[in-house]
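Read through the structure below, which is laid out as structure tokens, and then see the notes.
Readers should treat all values here as calculations from the given coordinates under stated rules, not as data from a laboratory. Note that this is a predicted model, so its numbers are computed, not measured. A quick note on method: Cβ atoms are made from the backbone with ideal geometry, for glycine too, and the neighbour counts reach across all protein chains shown.
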Amino acid sequence: MTSKIKPVLLTLCLIWTALAGAGSEPSTGLFDSIGARLGLNKSGNPYLEVDDAFAFSAEAGAQHIVARWQIADGYYLYRDKFKFELKNPAGITLGPAQFPPGKIKADPNFGDTEVYHNAVDVMLPLQRDAGTVDTPLTLQVQYQGCAEAGFCYPPVTKSIVISLPAAGMETTLPSLGAPANLSEQDRLARLLTRGNLPLALLIFFGLGILLAFTPCVFPTIPILSSIIVGQGAEQNTRRAFILSLVYVLAMAVTYTVAGVIAGLFGANLQAAMQNPWVLSAFSALFVALALAMFGLYQLQLPAGLQTWLTGVSTKQKSGSLYGVAVMGLLSALIVGPCLAAPLAAALIVIGQSGDALLGGAALFALSLGMGAPLILIGASLGRWLPTAGAWMNTLKSVFGVLLLALAIWMLSRILPAQGTLALWALLLIVSGVYMGALTRLYPDASGWRKLWQGLGIAMLVYGALLLVGAASGAQNTLQPLQNIAGASSGKVAAITSEKLPFKRIKSLADLEREISAAQVQARPVMLDFYADWCVSCIEMEKFTFSHPKVHEALSGVILLQADVTAQDETDLALQKGLGVFGPPTLIFFGQDGREKTNHRLVGTEGPEAFEKRVRIAFSANLQPSSAI
């Protein structure tokens, strides 16, 4: 009997030892997990020891170190709590850590922050001085994590001795996927320089198609449409396609050449043709073309203006190939796209690598993508456009109104907001009158006649509201009576408070002073590059910066704004110092005064996406630290 009991008791002891975690070495695996859940672990509490929750290791190559953590189920590590330092560098410098993407978590201690579950590998590039040999290094790392159940560990500091192989034994870093510490434009630039070139150009073409539907490119539609409509009886699908293709190719070539020059010389592509005199001249040109659409004279530009535009002939019509090419050239410069991540990526490639051919190819693909919808619209217009009769005159008048709207849109960059509002009011009122808003409607009138008059009355009424709004000092076409309504209810202050309280800076010295002051206050900083002629900047102010959630996300952040409208030497020096090609660009700085490079925004972003960007960038800065 005794011989049978002893094996059973021995087995029970072994099982108990495994469950309770007895022994000199920490146990891992199934038994340790079960023991922890049953409260039988050696610490006497339901949470794992920190080394069991976050098992740390590291391995080294000649030019890098990879720090690894195996994270137990139900636990996570904070991305912003990692710190790395070499204790005996001996001619070796630690580069910026490269993190994989994490997940956003609504943490009870630090708010919305980026965390890692299961496992995380962090790449640490090394810069070695010439002559360094195989040498042991001491890597010191600091990290902090929590359990999903609510318990948070104090910051942990570990040191590990690593032996590096001799320099030169490794030429490339192992891939961890697309580095998460690269901004969108930097990732696109990397795709161009290191990826599959045909695929990269195809991606830029697709991004160009998306840019075609932005407010900065959309005005080219009435320009091209008016050219095709101006053909009159000569137009057909084939002719419309050729005209559209010539127009788009001229835009693409012009924008490519301008972009290459801008990238090589560091010039601002958007500001190249934003002089008030230039904008006024081309607004007058569009007004002249619109009046021709109304039948006030033949659609034939004056000989002197034709000579100035084409330099080829004094008898070219706006629908000729020469005239279309010139209009495409001017459209690329005047109503070209606002700065966006794909454009910035191409400029980065040109400016940093000097590879004008590669950057130019990306710009050309991007421009063709922006023009692809125009070709489809132009060819379709040639298919269904009437060739004669009253329909043609009506359609020409519609495009004439669109050209007038384009002229007002261009003038809005240099006119006061109230003046622009008054011009929109006049356009709507006059258009409403022409549509029969004040004409007597007979009972037997056709349904179309009633529809046009109804639309005309609506335009007349809204135009009158805009005129009243302009007189009251309003600036928003969507809220022309905001000042009147606000004054009557005592809420003017609430209306004006929708704008973010930016503090203007001008130079690099101004920026350094403000960031130093922010460091003293332990506050993060957001810098916005703005210009009056930047349509996307105005779009960000109206639709993103005015959103309540964005205001909430930016509470506690010092807001700076660089107005680079003038593009003088100080503006250009500031842009060059920060690697900014133009507005809109937003840069985020942490409490330590360093830029959060992976969160830099080039172009526009909706309020929801921008709020998320802000909370991730400042996740560790906007919440008070809790003692653990």
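Worth a mention:
- Cα gyration tensor, the stretch 503-617 - rounded (a/c under 1.5), prolate or oblate: oblate
- Modelled this way, with points 7 Å down the Cα-to-C-beta line, the labels at Ala106 and Leu296 are 5.9 nm from one another.
- Theoretical FRET efficiency, 1/(1+(r/R0)^6), r = Cβ-Cβ of Trp277 and Ala119, R0 41 Å, to 0.05: 0.10
- Among Lys396, Lys87, Lys576, the order by Cβ neighbours within 10 angstrom, fewest to most, reads Lys87, Lys576, Lys396.
- For the stretch 48-82 and the stretch 587-609, distance of Cα centres in Å: 27 Å
- Where labels lie 7 Å past Cα in the beta-carbon direction, separation of Ile484 and Asp592 in nm: 5.6 nm
- Segment Gln142-Ala417, length gained on full extension (0.36 nm per residue, minus Cα span): 93.7 nm
- For His64, distant residues with modelled amide H under 5 Å away: Leu126
- Extension gain from Ser555 to Ile209, taking 0.36 nm per residue of separation minus the Cα-Cα distance: 121.0 nm
- Computed E for Glu512/Ala372 - FRET, C-beta separation, R0 51 angstrom, nearest 0.05: 0.70
- Förster radius 22 Å - calculated FRET efficiency between Ser380 and Lys542 (Cβ-Cβ, nearest 0.05): 0.10
- Greater than 29 Å apart at Cα, pairs in Lys576/Lys596; Lys103/Lys506; Lys396/Lys450; Lys103/Lys499: Lys103/Lys506; Lys103/Lys499
- Simple label model, 7 Å out from Cα along Cβ direction - Asp355 to Val520, nm: 4.6 nm
- Hydrodynamic radius (Kirkwood) for the stretch 50-163, which is based on Cα pairs only, to one decimal in Å: 14.9 Å
- Full extension of the segment from Ala458 to Lys83, taken as 0.36 nm per residue of separation minus the current Cα-Cα distance, would add 128.8 nm.
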